[in-house]
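These notes are about the structure you will find just below.
The values are calculated or read from the model by the stated rules, or taken from the named source; none is laboratory data. Worth saying up front: this structure is predicted, and the values here are computed from it rather than measured. No Cβ is skipped: glycine too gets one built from the backbone with ideal geometry, and neighbour counts run over all protein chains shown.
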Amino acid sequence: MNRYRTLILFLLIVIPGSVVMVASTLWGINDYMALVEANQRFQKLADEKASQSELFVMAHRENTHRLNVGFDGTWILLGGILAGMGILGIMQRK
């Protein structure tokens, strides 16, 4: 019975949690690179004394990437918690 419990926990909790964590990390790296690029473009426009409307558009794009990075971090954390709960369930013996 304990082997089935271990297998179920591994297949339904540890693997999906790990997949979510890895996928979110990859997307987070991608979004972080886009955030850095958007920040550099915004800084370049600010240094060139661009119009207020252009700065507003670039600030909006930068904030969009900033939110994406934040939410990617949330999914990394949630996937890690899920995988950790599954590992804890496997390690506990009753």
Residues of region 67-86 being within 14 Å of Val19 (Cα to Cα), of a type in the set (A, V, I, L, M, F, W, C) and surrounded by 15 or more Cβ atoms within 10 Å (Cβ to Cβ), in sequence order, are Trp75, Ile76, Leu82, Ala83
Restricting attention to region 42-79, the residues that are of a type in the set (Phe, Trp, Tyr) and more than 18 Å from the chain's Cα centre (by Cα) number exactly 2
Which pairs have Cβ atoms under 6 Å, sit 6 or more apart or on different chains, and link a residue in region 74-91 that is modelled with pLDDT under 95 to one that is hydroxyl-bearing (Ser, Thr, Tyr) and part of a helix (DSSP H, G or I)? Ile90/Thr6
Checking Arg61, Arg41, Arg3 in turn, the sole residue that is among the basic types (Lys, Arg), assigned to a helix (DSSP H, G or I) and either buried (at least 16 other Cβ atoms within 10 Å of the Cβ) or at pLDDT 95 or above (or both) turns out to be Arg61
Go through Lys94, Lys49 for me and flag whichever is outside any helix (DSSP H, G or I), at pLDDT below 95 and either on the phi > 0 side of the Ramachandran plot or polar (S, T, N, Q) (or both). Lys49
